[in-house]
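What follows is a single structure, written as structure tokens, with notes after it.
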Amino acid sequence: MVLPTVTFSNGHKMPMFGLGTYLSQPGEVEEAVKYAIDTGYRHIDTASFYGNEKEVGIAIREKIKEGVITRDDVFVTTKLWSNAHKESQVVPTCKKSLDNLGLEFIDLYLIHWPFAFKEGEELLPRDASGKLQLSDTDYIDTWKGMEECKRLGLARSIGISNFNSEQITRILTAATIKPVNNQIEMSLNVNQEPLIEFCKKHDITVTGYSPLGRPGNRYGVKNSWDHATIQSLSKKYSKTPAQIACRYVFQMGAAPIPKSITKERIKENFNIFDFALTDEEIKSIQSISTGERVAEMKEAKESIHYPFNIPY
Ligand SMILES: NC(=O)c1ccc[n+]([C@@H]2O[C@H](COP(=O)([O-])OP(=O)(O)OC[C@H]3O[C@@H](n4cnc5c(N)ncnc54)[C@H](OP(=O)(O)O)[C@@H]3O)[C@@H](O)[C@H]2O)c1
């Protein structure tokens, strides 16, 4: 099977399906990434915040050493966390990620969130009362550092994550090098059609995170897999609700990146390229979207750069 790809405005290609690794622990993520690559995955998503770049890198390098893939066969994304948004922090932080991964370049380096936290080592800096400490660093400054990462060849492509349409407009106005991708939450619950359309209009591709609605998430958000609409599609196509969800995200024009450390699920989630939902079925899924997100980052709501205060 040839994995579908999308071509960025800068000419680089991204496979339209990948493996997520948030909450994949050191000790389990290496095996998951290796198994995914053996299964045919060619796109791996990690982030400095996940604390697992080292193990992700070990798995990728092992598969290159074994001759299963070359470096150019695999697309690796990692992200800049909100405690390193000052322009001067970006290149050193990117170099740290490269060092962790043991790679010479990152395929896609993203600003993880538009808002910034107090700069320093702490990922989630808190004051004595436990309140998250925000910083007023503007992502426009952060973007200058991202552009430098691209110029230095540390990242082949640069992009954003969790940015809304107004924030994208601001960044496009200020940028010398345009973002090529926006990574956003997309699932049966979260219908991102307006933002995807907006991104397309501006030559920005989209990656869909938490495509399964992160089953068992600590916020108690249910993922709609039991809904009659999903159950009937599952029956019609002999596909699991997880596969229906990934296929939906893919057909909406985003690259799904489901996370799993379970071999059978890694294989199951990938097996979505032998069927297609009809336009009516896509509409019927959209009509049951609840709008409930699993990645809201409510603690950062007070930031002027919080992205979810407008519809999209
Ligand atoms: N840019 C951002 O701000 C952002 C935010 C969130 C996520 N992400 C990225 O997107 C990736 C995916 O999102 P996510 O991890 O939040 O959620 P998700 O992929 O929607 O769900 C992951 C959960 O689903 C389980 N699972 C996987 N396949 C399954 C299947 N076929 N049937 C039943 N359960 C299944 C996994 O369990 P097991 O692992 O135990 O199998 C895990 O608990 C992340 O890992 C991360 O790389 C990015």
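The values are calculated or read from the model by the stated rules, or taken from the named source; none is laboratory data. The model shown is predicted, which means the values in this text are computed figures rather than measured ones. Here the Cβ positions follow ideal geometry from the backbone for every residue, glycine too, while neighbour counts run over all protein chains shown. What goes into the accessible areas is simple: the full protein's heavy atoms, side chains included, and nothing from ligands, DNA or RNA. Shrake-Rupley method; radii C 1.70, N 1.55, O 1.52, S 1.80 Å.
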Query raised in the report: Are any residues in the range 240-280 among the aromatic types (Phe, Trp, Tyr) and touching a helix residue (DSSP H, G or I) at 6+ places or on another chain (Cβ under 9 Å), and if so, which ones?
Result: TYR248, PHE270, PHE273, PHE275
Query raised in the report: If you take the residues in the range 233-269 that are among the basic types (Lys, Arg) and open to solvent by less than 30 Å² (accessible area, probe 1.4 Å), which one is nearest to the ligand (Cβ to nearest atom)?
Result: LYS239
Requested in this report: State whether one or more residues within the range 139-150 are in a loop (DSSP other than H, G, I, E, B) and open to solvent by 10 Å² or more (accessible area, probe 1.4 Å).
Outcome: no
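Results for (1) in contact with a Ser or Thr (Cβ under 9 Å, 6 or more places away or on another chain); (2) without any contact (Cβ under 8 Å) to a residue 60 or more places away in the chain; (3) over 16 Å from ALA245 (Cβ atoms); (4) not β-branched (Val, Ile, Thr), shown as yes or no for each residue.
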position	(1), (2), (3), (4)
LYS144	yes, yes, yes, yes
ASN162	no, no, yes, yes
VAL180	yes, no, yes, no
PRO194	yes, no, yes, yes
Report summary line: Counted residues in the range 296-310 being in contact with a helix residue (DSSP H, G or I) (Cβ under 7 Å, 6 or more places away or on another chain) and either assigned to a loop (DSSP other than H, G, I, E, B) or closer than 11 Å to LEU134 by Cβ (or both) come to 4
Report task. Name the residue, out of THR78, THR70, THR46, THR93, that is buried (at least 17 other Cβ atoms within 10 Å of the Cβ), more than 19 Å from PRO211 (Cα to Cα) and either at pLDDT below 95 or not aromatic (Phe, Trp, Tyr) (or both). Result -> THR93
Requested in this report: Report yes if ASN182 is part of a loop (DSSP other than H, G, I, E, B) and either within 12 Å of the ligand (Cβ to nearest atom) or crowded, with 22+ Cβ neighbours inside 10 Å (or both), otherwise no.
Outcome: no
Query raised in the report: Restricting the search to the range 83-127, which residues are among the hydroxyl-bearing types (Ser, Thr, Tyr) and closer than 18 Å to ASP141 by Cβ?
Result: SER88, THR93, TYR109
Report task. Being within 10 Å of the ligand (Cβ to nearest atom) and within 15 Å of ARG293 (Cβ to Cβ) is the filter here, so list the residues in the range 190-232 that pass it. Result -> GLY208, TYR209, SER210, PRO211, LEU212, GLY213, ARG214, PRO215, ASN217, ASN223
Requested in this report: Please work out if GLY213 is assigned to a loop (DSSP other than H, G, I, E, B) and surrounded by 23 or more Cβ atoms within 10 Å (Cβ to Cβ).
Outcome: yes
Report task. State all residues of the range 165-196 that are over 18 Å from MET252 (Cα atoms) and not β-branched (Val, Ile, Thr); if no residue qualifies, say none. Result -> GLU166, GLN167, ARG170, LEU172, ALA174, ALA175, LYS178, PRO179
